[in-house]
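> Quick one: the structure is below, and I'll ask about it shortly.
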Amino acid sequence: MFKIIKREEMAEGTVVLNEVEAPKIARKAKPGQFVILKANEEGERIPLTMAETDPENGTITIVYMIVGKSTALFKTLQVGDSYQDVIGPLGKPTEIEKIGNVVCVGGGTGIAVMHPITRALKEGGNHITAIVGSRTKDLLILEEKMKQASHELLICTDDGSYGREGFVTEALKDVLDKGDTQMVVAIGPVPMMKFVSKMTAEYGVKTIVSLNPIMVDGTGMCGGCRVTVNGQTKFACVDGPEFDGHKVDYDELMLRLQAYCEDEKRCYDDFCLLKPEYAR
């Protein structure tokens, strides 16, 4: 059993942070890796990238959005309660090296995934410009942590209620226009990553994205997380979750995610893929 020692509701209660006792995972986990959690015997296996690890205290931090039955079950767990299973660390960690000027773009709960990567890249000697976005001010998460993890933080909201009005891609364009950006890391809704990658391709800037297809076992056996990268089939759980953003077939990935939204009324993304305003 994996006990919850800290719990925080964010984004008007639609997003929950849990700090969970998992000493073996905390000692081995690196930025970019994920775990699979199960609340109880009847619960589903849910993959979540770790937002923080504390090897000294033996804890990991996960952040999730309530989007269906299983995450609603997660929300019922309080401090002192436990997850039945936490498996990890899974996936390949982010390659941290000194590159130069790096832009880290996070949207929705993808900001939680971006945080440890941003911090590690900064500690690795890079100059970090972070761009984070949400639909409204109330849905923005981890602002202070992202501010500490970067040299410059730019905030965007769709409705203009906080920071700059508009999409993160608009702020990214302004940064790219200045030149001297060596790499972009983008994590968030699939349409956001798609159009970030499309933009950076025009500037010839290396781009890394973290993909979130459906996963079941997390070891490459089920094939549910398959994605097409550079014309080849990859499994996000073992080959990723990070890939070259310029080589991902985003349209195929969105079609696979849409199938679950349409057939089971479940959403595996922060923004509904069927809404045209998020498919730009």
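The values are calculated or read from the model by the stated rules, or taken from the named source; none is laboratory data. Owing to the predicted nature of the structure, the values given are computational and were not obtained by experimental measurement. Cβ atoms come from the backbone with ideal geometry, glycine included; neighbour counts cover every protein chain shown.
> Restricting to segment 56-80, count the residues that are surrounded by 14 or more Cβ atoms within 10 Å (Cβ to Cβ) and either farther than 19 Å from N212 by Cβ or among the basic types (K, R) (or both).
5
> Restricting to segment 7-29, and then to whatever is at pLDDT below 95 and either of a type in the set (K, R) or in a helix (DSSP H, G or I) (or both), can you tell me which residue is nearest to the chain's Cα centre (by Cα)?
Taking the candidates together, the pick is A11.
> Next question. Would you confirm whether any residue within segment 192-211 is under 20 Å from L257 (Cβ atoms), touching a helix residue (DSSP H, G or I) at 6+ places or on another chain (Cβ under 6 Å) and part of a loop (DSSP other than H, G, I, E, B)?
Yes; the residues of segment 192-211 include at least one that is under 20 Å from L257 (Cβ atoms), touching a helix residue (DSSP H, G or I) at 6+ places or on another chain (Cβ under 6 Å) and part of a loop (DSSP other than H, G, I, E, B).
> Shifting gears a bit: Say whether the condition of being touching a strand residue (DSSP E or B) at 6+ places or on another chain (Cβ under 9 Å), over 24 Å from V132 (Cβ atoms) and either modelled with pLDDT under 85 or not charged (D, E, K, R) (or both) is met by at least one residue in segment 249-267.
Scanning segment 249-267, I find at least one residue that is touching a strand residue (DSSP E or B) at 6+ places or on another chain (Cβ under 9 Å), over 24 Å from V132 (Cβ atoms) and either modelled with pLDDT under 85 or not charged (D, E, K, R) (or both), so the answer is yes.
> Going by the structure shown, is L121 in the same structural domain as G43 (by TED's automatic domain parsing) and crowded, with 16+ Cβ neighbours inside 10 Å?
Taking the combined requirement at face value, the residue does not satisfy it.
> Exactly one condition in (1) over 28 Å from S70 (Cβ atoms); (2) surrounded by fewer than 24 Cβ atoms within 10 Å (Cβ to Cβ); (3) among the β-branched types (V, I, T) is false for V103; which is it?
That leaves (2) as the condition not met.
> Does segment 156-183 hold any residues that are touching a residue at least 40 places away in the same chain (Cβ under 8 Å) and loosely packed, with under 14 Cβ neighbours inside 10 Å, and which are they?
Correct list: D180 only.
> Among the residues in segment 63-79, are any among the aromatic types (F, W, Y), in contact with a Lys or Arg (Cβ under 8 Å, 6 or more places away or on another chain) and farther than 30 Å from V175 by Cβ?
no
> Yes or no: segment 125-136 includes at least one residue that is assigned to a helix (DSSP H, G or I) and hydrophobic (A, V, I, L, M, F, W, C).
No, segment 125-136 contains no residue that is assigned to a helix (DSSP H, G or I) and hydrophobic (A, V, I, L, M, F, W, C).
> V63 - would you say it is under 23 Å from L140 (Cα atoms) and modelled with pLDDT of 95 or more?
No; evaluated as a whole, the condition is false for this residue.
> Could you please find all residues in segment 212-242 being closer than 24 Å to V105 by Cα, in a loop (DSSP other than H, G, I, E, B) and of a type outside the set (A, V, I, L, M, F, W, C)?
Once the filter is applied, which keeps residues that are closer than 24 Å to V105 by Cα, in a loop (DSSP other than H, G, I, E, B) and of a type outside the set (A, V, I, L, M, F, W, C), segment 212-242 yields N212, P213, N230, G240, P241.
> A further question follows. So, of the residues in segment 184-201 that are under 21 Å from I99 (Cβ atoms) and of a type in the set (A, V, I, L, M, F, W, C), which turns out to be surrounded by the fewest Cβ atoms within 10 Å (Cβ to Cβ)?
Looking at the filtered set, the residue picked out is A201.
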